Amino acid sequence: MKYTVIGAGGMGVQFGVLLQEAAGCDVDFIDAWDENIAAIRAQNGAYVSQDGQGRHLVPTDIHYPEEYDGDPDVWIVFVKQQQLPGMLERCAPLFRGHQSVFSAMNGHGHFEQLNRYFPADRIYGGTALIGAYVYGPGDFNFTGDAHAKAMNLCAYDGHTPESDPVERAIVEDFRAATLNPTVVPDFEGMCLAKIVFNSVLNTLCTMYRIRFGEFAAHPSAQTLTERLVDEAYSAAEAAGITLLGTRESEVDTIMRTAGVAHPKHYPSMYQDLTRCRPTEVDYINGYLAQLGREHGRPCPLHAFLTDEVHLAEHAYAIHHPTTSR
């Protein structure tokens with residue numbers, strides 16, 4: 001199938017490049033970051049590397065929304081939560097009734113936004129344990145080799161691939177692209193489990209500006225993870241949401257991802273912090289705190305971390321006044 005990626009940042013470029021290079025798919029990119037578009041056009045492509053090695057130029061067809069005239073089978077959406085409403089509004093004239101959309105963005109709220117433009121049976125969600133880092137405009141690094149990448153995938157309305165040739169084709173293309181998808185049956189439980197995952201690694205590694213592996217190596221990492229996971233699972237249970245896996249399996253996934261699969265990775269939230277951009281903590285820890293409040297199961301740790309990350313944003317901007325946003 002033909003894909004168009006909305007958001008040519010680290011994850012968008014990784015999905016698009018792997019579909020292009022490993023699966024042989026036709027892929028276009030749409031972005032709104034002026035410097036990124038200018039660099040990719042000047043270079044005639046995007047530079048990509050894997051764990052800092054093998055840097056090479058990949059031909060990349062990139063456009064602003066207003067100048068794009070392509071007609072993909074599937075849109076892939078990877079933009080920041082705060083930027084999504086504006087980007088979707090700019091891309092809305094491009095959407096057609098026969099098209100589908102996939103996203104594996106961090107946080108909560110993007111599928112409800114996508115549902116404003118696409119019917120529920122044409123929306124596919126994913127949760128990716130796949131890392132990427134943006135060195136600068138037009139220059140990207142993927143972390144974790146083909147065997148370390150993993151993702152879950154589910155239709156937004158819960159229908160199964162057996163009844164949907166588009167979903168089967170997406171899964172086949174993603175497998176060929178070494179993204180290692182697993183189809184799961186529970187959309188809401190899948191999404192919330194990834195929010196819980198990010199609420200530990202993304203948030204703590206951002207606050208202290210450390211890599212996943214550096215967090216995992218600390219003696220308190222296991223205890224901190226267990227406490228945050230327990231609080232989030234309690235809120236989910238009060239809300240009547242069944243997450244994928246158990247508290248124990250979620251803690252194991254977090255620790256294994258940090259210490260074994262992606263130890264060199266800095267989370268995207270860290271990348272926002274160090275560029276003096278607003279983070280997505282309100283859509284991750286902030287969402288879990290809100291879920292707990294709404295269902296009588298407060299999440300004081302997640303509420304505290306939300307405020308702490310906002311304080312870290314403020315402090316970083318004070319100490320780095322010339323950093324570009």
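The values are calculated or read from the model by the stated rules, or taken from the named source; none is laboratory data. As the structure is a computational prediction, the values presented were derived from the model and not from experiment. Note that we place each Cβ from the backbone using ideal geometry, even for glycine, and neighbour counts take in every protein chain shown. Surface areas here come from the heavy atoms of the whole protein model, side chains and all, with no ligands, DNA or RNA. Shrake-Rupley method; radii C 1.70, N 1.55, O 1.52, S 1.80 Å.
Structure remark: mean-square fluctuation, Gaussian network model of the chain, C-alpha springs under 10 Å; the largest value among 199, 249, 49 belongs to 249. Run through the DSSP bridge list for the chain and note the antiparallel percent, rounded to the nearest 5. Within the chain, antiparallel bridges account for around 40 percent of the total. By accessible area, using a 1.4 Å probe on protein heavy atoms only, the range 225-295 has 48% of its surface on carbon and sulfur.
Using only the alpha carbons of the range 155-252, what is the convex hull's orientation-averaged projected area in square nanometres? Please list the in-between numbers first.
Working: hull surface 30.7 nm².
Mean orientational projected area (the range 155-252, Cα hull): 7.7 nm².
Among the chymotrypsin sites (Phe, Trp or Tyr not before Pro) in the range 36-94, none is located in a DSSP loop while being surrounded by at most 12 other Cβ atoms within 10 Å of its own Cβ.
Where Rh is the Kirkwood radius over the Cα pairs of the range 32-101, the temperature 4 °C and the viscosity 1.567 mPa s, what D in µm²/s does Stokes-Einstein return? In µm²/s, the coefficient rounds to 92.
What do you get for Rg/Rh of the range 144-193 when both radii come from the Cα atoms and Rh is the Kirkwood radius? Display every interim value, and only then the final one.
Values: Rg = 11.3 Å, Rh = 11.4 Å.
Looking at the range 144-193, the ratio lands at 0.99.
Enclosing the Cα atoms of the chain in their convex hull gives a volume equal to 126 cubic angstrom per residue. Taking the charge dipole of the range 117-249 about its Cα centre, with +1 at Lys and Arg Cβ atoms and -1 at Asp and Glu Cβ atoms, the residue from 174, 222, 208 reaching farthest to the positive side is 208. Rounded to the nearest 0.05, the FRET efficiency derived from the C-beta distance between residue 175 and residue 307 at R0 = 41 Å is 0.50. Entry note, the chain: the mean residue ellipticity at 222 nm calculated from DSSP H runs of n ≥ 4, each adding -39500 (n - 2.57), is -13000 deg cm²/dmol after division by the residues and rounding to the nearest 500. Restricting the trypsin sites (Lys or Arg not before Pro) of the range 74-140 to loop positions (DSSP other than H, G, I, E, B) with no more than 15 neighbouring Cβ atoms within 10 Å leaves 96, 116.
Could you please tell me the mean projected area of the C-alpha convex hull for the range 169-325, averaged over all directions and given in square nanometres to one decimal?
Mean shadow area of the hull around the Cα atoms is 10.3 nm².
Evaluate 2.2 N^0.38 Å with N set to the residue count of the range 81-147, then give the Cα radius of gyration divided by it.
Values: Rg = 14.3 Å, N = 67, 2.2 N^0.38 = 10.9 Å.
In units of the globular-protein estimate, the range 81-147 measures up at 1.32.
Note on the range 79-107 and the range 199-214: Cα centroid distance 28 Å, given to the nearest whole angstrom.
Suppose a student asked you for the relative contact order of the chain, using Cα pairs under 8 Å spaced at least 6 residues apart; what percent would you report? 16 percent. When the alpha-carbon atoms of the range 21-61 are used, the pair Rg, Dmax equals 11.2, 29 angstrom.
Here the 3J(HN,Hα) profile of the range 303-314, calculated from phi with Karplus coefficients 6.51, -1.76 and 1.60 at θ = phi - 60°, is 5, 5, 5, 4, 5, 5, 5, 5, 5, 4, 4, 4 Hz, Gly and Pro shown as x. Simple spin-label estimate for residue 116 and residue 135 gives 3.7 nm between the two label positions (7 Å along the Cα-to-Cβ direction from each Cα).
What the chain shows is 42 Å² of accessible area per residue, with the surface traced by a 1.4 Å probe over protein heavy atoms. Just to confirm my numbers, what's the Cα centroid distance between the range 113-156 and the range 1-64 in Å? After rounding, the separation between the Cα centres reads 14 Å.
What's the carbon and sulfur percent of the range 1-116's accessible surface, probe 1.4 angstrom, rounded to a whole number?
Values: 2140 of 4550 Å².
Carbon-and-sulfur percentage of accessible area, whole number: 47.
Summarised as an ellipsoid, the range 14-132 has semi-axes of 24, 17, 14 Å, derived from the eigenvalues of the Cα gyration tensor scaled by 5 and square-rooted, with the largest first.
Here the range 64-176 has an Rg and Dmax of 14.7, 42 Å, counting Cα atoms alone. Mean-square fluctuations from a GNM of the chain, with a 10 angstrom spring cutoff on Cα atoms, peak among 219, 298, 267 at 219.
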